[in-house]
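> Supplied in structure tokens, the structure appears directly below.
Rule-based calculations on the coordinates, nothing more; no lab input. Treat the numbers as computed from the prediction; the structure is a model and nothing was measured. As a convention, Cβ positions derive from the backbone with ideal geometry for all residues, glycine included, and neighbour counts pool all protein chains shown.
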Amino acid sequence: SQQGEEDPQALSIQEGENATMNCSYKTSINNLQWYRQNSGRGLVHLILIRSNEREKHSGRLRVTLDTSKKSSSLLITASRAADTASYFCATDGGSYIPTFGRGTSLIVHP
Amino acid sequence: EAQVTQNPRYLITVTGKKLTVTCSQNMNHEYMSWYRQDPGLGLRQIYYSMNVEVTDKGDVPEGYKVSRKEKRNFPLILESPSPNQTSLYFCASSLGGSTEAFFGQGTRLTVV
């Protein structure tokens, strides 16, 4: 079963705006990861946050994790047209193999 | 260059004709897995392997087989493909549990 569920399913913004995507999951995790997928291509790892961390930054990306609410958010600041992609959260669950949600489709208009 | 290589990238086949999608990684990773991606359903795990000769079912294993005879290779086998297996397939590998996964470029399979 899919552990993580992203919200919203689709997001459309203008270049320069911030984009926020949320992920909710069902069971305890060791870590949560965010991935990006350009249309039809393989997924690319963006950031990993461990269960004992609350916030993590990488360039224009900011990830938060609230284990009490079983939720995470990915913020992309000052978005660019090149950020247009689908974004997935992945949790490790019991098998230690990432389990993905359905993704958020982000469109950034120039 | 560190990579996961899938072949073929595109495949059109007929119902019932056995096929194999190969996956190879050059990073000496222990963990490998297969996913299928369908519109509106995201990525669903088919099978995974935590080491040589160790494989386990994911969420949607029906109609698929895998083997892990060597660390670097993890082929996906469809013994008798059916149209509902038309999908985009991804292989991934990772160093260990709960670490970054590296993905292949995908195999787009159409079964007619």
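> Using θ = phi - 60° and the Karplus form 6.51 cos²θ - 1.76 cosθ + 1.60, what ³J(HN,Hα) does each residue of region B:3-10 get, whole Hz, x for Gly and Pro?
7, 10, 10, 10, 8, x, 7, 9
> Taking region B:54-86, which trypsin sites (Lys or Arg not before Pro) meet the DSSP loop condition and have no more than 14 other C-beta atoms within 10 Å?
Sites meeting the loop and neighbour criteria: B:K69.
> Still on this structure, please answer the following. With a ≥ b ≥ c the root eigenvalues of the C-alpha gyration tensor of the protein assembly as shown, is it rounded (a/c under 1.5), prolate (a/b larger than b/c) or oblate?
Prolate is the answer for the protein assembly as shown, as a/c is 1.5 or above and a/b outweighs b/c.
> Which aspartates and glutamates, if any, have their Cα less than 20 Å from the Cα of B:K71, not counting same-chain residues under 8 positions apart?
Reachable aspartates and glutamates: B:E1, B:E30, B:E53, B:D56, B:E100.
> How about B:K69: which lysines have a C-alpha closer than 23 Å to its C-alpha, ignoring those fewer than 8 places off in the same chain?
Straight-distance partners of B:K69: B:K18, B:K57.
> Of A:L48, A:N22, B:G58, which is farthest on the positive side of the dipole of the protein assembly as shown, counting Cα position, with +1 on Lys and Arg Cβ, -1 on Asp and Glu Cβ, and the Cα centre as origin?
B:G58
> Can you list which of the chymotrypsin sites (Phe, Trp or Tyr not before Pro) found in region B:11-78 are DSSP loop residues with at most 13 other C-beta atoms within 10 Å?
Answer in residue order: no site qualifies.
> Under 18 Å from the Cα of A:K70, which aspartates and glutamates turn up, not counting those fewer than eight places away in the same chain?
Partners within reach: A:E5, A:E6, A:D7, A:E53, A:E55, A:D92.
> While we're on this one: Taking Cα pairs under 8 Å and at least six residues apart, what relative contact order does chain A come out at, in percent?
39 percent
> A follow-up question, please. Could you give each residue of region A:15-32 its phi-based ³J(HN,Hα) in whole Hz, using Karplus coefficients 6.51, -1.76, 1.60 with θ = phi - 60°, and x for Gly or Pro?
So the J values, rounded to whole Hz, are 3, x, 7, 8, 10, 10, 10, 10, 9, 10, 9, 9, 10, 4, 10, 8, 7, 10.
> Round to a whole angstrom and tell me the spacing of the C-alpha centers of region A:40-59 and region B:1-46.
Their Cα centres are 23 Å away from one another.
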